[in-house]
Amino acid sequence: MPLCDSDFMRYSRQVLLPEVGEHGQLALKSAKVLLVGVGGLGQLAAQYLAACGVGKLILADDDRVEVSNLPRQLLFDDDDIGEYKSKCASLKLMQRKPTCEVQSITQRLSTKNINRYIEGVNLVLDCSDNLPTRHTVNQACIETHTPLVTASVSHFSGFLFAVDMQRASEAGCYHCLFPHDTQVTQNCSTAGVLGPMVGTLASMQSLMAMNILLGVGKPFGKLLRFDGLKFSWYEAQLSQDPACPVCRNHIQTRQYNARCLEEN
């Protein structure tokens, strides 16, 4: 569906960017994005993506709004306490951003149901707050060849990186960096967190997502970490673990297919 006059007016500042233009805005309009987790990171990222013109968002979270969420989860207020975050967020986003279709999922994503929701999605944002869900999302994205942007924040530290086996297989996946036996001793509930820290990482996660949907920039192959006490960003190059049980087979299959093409 082409851009209409109201689209050009609403997104005029974005369309002015040579990296976006009419073609890029159309790409955003036709995009379908799954956000896993609608807490501190997810509800802010969802607002940015809906506001920039992404056509459809799927919000997955089985948590309910609590009073302790309100200082950093700005989409919610006291009247929402006790409601499902995903359902509450979807209703508010559709009211504020009627150009965006929003679907809510109030069950926890697992290996049994995630493929049902990831099918046909252009991009996944992992905004979850637990290691099992992150590994489930990572594996599903590898198996379905779906780009993934994952972020996390706790205390005064946050990180984010992108995974895409099609465009940057040499950078590996989430499991390469954090294997299943990784011990996580702290999260927001135990270590604490400030709202602006969450906002910083959510903004960067949204920007990385837009770059991928627009096909611009170089978002892959690097781990970005933010220190909120020193106000410093740190960057580390990512590389695939040859022994990774999640993405290793994908790499080997791509290498085999490449050799077959060369031989033929």
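Would you say F161 is in contact with a helix residue (DSSP H, G or I) (Cβ under 8 Å, 6 or more places away or on another chain) and at pLDDT 95 or above? Don't jump to the end; show me each part of the working.
Numbers: in contact with a helix residue (DSSP H, G or I) (Cβ under 8 Å, 6 or more places away or on another chain): yes; at pLDDT 95 or above: yes.
Spelling it out, F161 is indeed in contact with a helix residue (DSSP H, G or I) (Cβ under 8 Å, 6 or more places away or on another chain) and at pLDDT 95 or above.
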Subject >> Pair list, Cβ < 9 Å and 6+ apart or interchain, from region 1-26 residues that are among the aromatic types (F, W, Y) to residues that are in a loop (DSSP other than H, G, I, E, B) and surrounded by 10 or more Cβ atoms within 10 Å (Cβ to Cβ) >> reply: Y11/L3; Y11/V20; Y11/G53
Original post:
Among V124, V153, V198, which is touching a Ser or Thr at 6+ places or on another chain (Cβ under 6 Å), at pLDDT 95 or above and either part of a loop (DSSP other than H, G, I, E, B) or surrounded by 18 or more Cβ atoms within 10 Å (Cβ to Cβ) (or both)?
Top reply: V124
Original post:
Here is a list of conditions, (1) under 30 Å from Q107 (Cβ atoms); (2) more than 22 Å from the chain's Cα centre (by Cα), and D5 meets all of them except one; can you say which number that is?
Top reply: (1)
Original post:
In region 136-186, what residues are among the hydroxyl-bearing types (S, T, Y) and more than 22 Å from R72 (Cα to Cα)?
Top reply: T136, T144, T146, S169, Y174, T182
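Kindly indicate which of S86, S104, S68 is of a type in the set (S, T, N, Q), part of a helix (DSSP H, G or I), at pLDDT 95 or above and in contact with a strand residue (DSSP E or B) (Cβ under 6 Å, 6 or more places away or on another chain). Walk me through how you get there before you give the answer.
On the way: S104 fails: part of a helix (DSSP H, G or I); S68 fails: in contact with a strand residue (DSSP E or B) (Cβ under 6 Å, 6 or more places away or on another chain).
The conditions single out S86.
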**OP:** Would you please list the contacts, defined by Cβ atoms under 6 Å and residues six or more apart or on different chains, that run from a residue in region 213-224 that is under 12 Å from E235 (Cα atoms) to a residue that is in a strand (DSSP E or B) and acidic (D, E)?
**Re:** K222/E235; L224/E235
Original post:
So is Y11 crowded, with 17+ Cβ neighbours inside 10 Å, under 24 Å from T144 (Cβ atoms) and of a type in the set (F, W, Y) or not?
Top reply: no
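Before we move on, is L74 touching a residue at least 40 places away in the same chain (Cβ under 8 Å) and farther than 21 Å from K32 by Cα?
yes
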**OP:** Select, from K32, K87, K56, the only residue that is farther than 25 Å from H145 by Cα and either touching a His at 6+ places or on another chain (Cβ under 6 Å) or not small (G, A, S) (or both).
**Re:** K87
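Tell me yes or no: at least one residue of region 203-211 is more than 18 Å from K32 (Cα to Cα), more than 17 Å from the chain's Cα centre (by Cα) and among the hydroxyl-bearing types (S, T, Y). Walk me through it before giving the result.
Step one: filter region 203-211 for residues more than 18 Å from K32 (Cα to Cα), giving 203-204.
Then drop every residue that is not more than 17 Å from the chain's Cα centre (by Cα), which leaves none.
Scanning region 203-211 turns up no residue that is more than 18 Å from K32 (Cα to Cα), more than 17 Å from the chain's Cα centre (by Cα) and among the hydroxyl-bearing types (S, T, Y).
The values are calculated or read from the model by the stated rules, or taken from the named source; none is laboratory data. Not measured: the values here are computed from a predicted model. Positions of Cβ are generated from backbone atoms using ideal geometry, with glycine treated the same way; all protein chains shown enter the neighbour counts.
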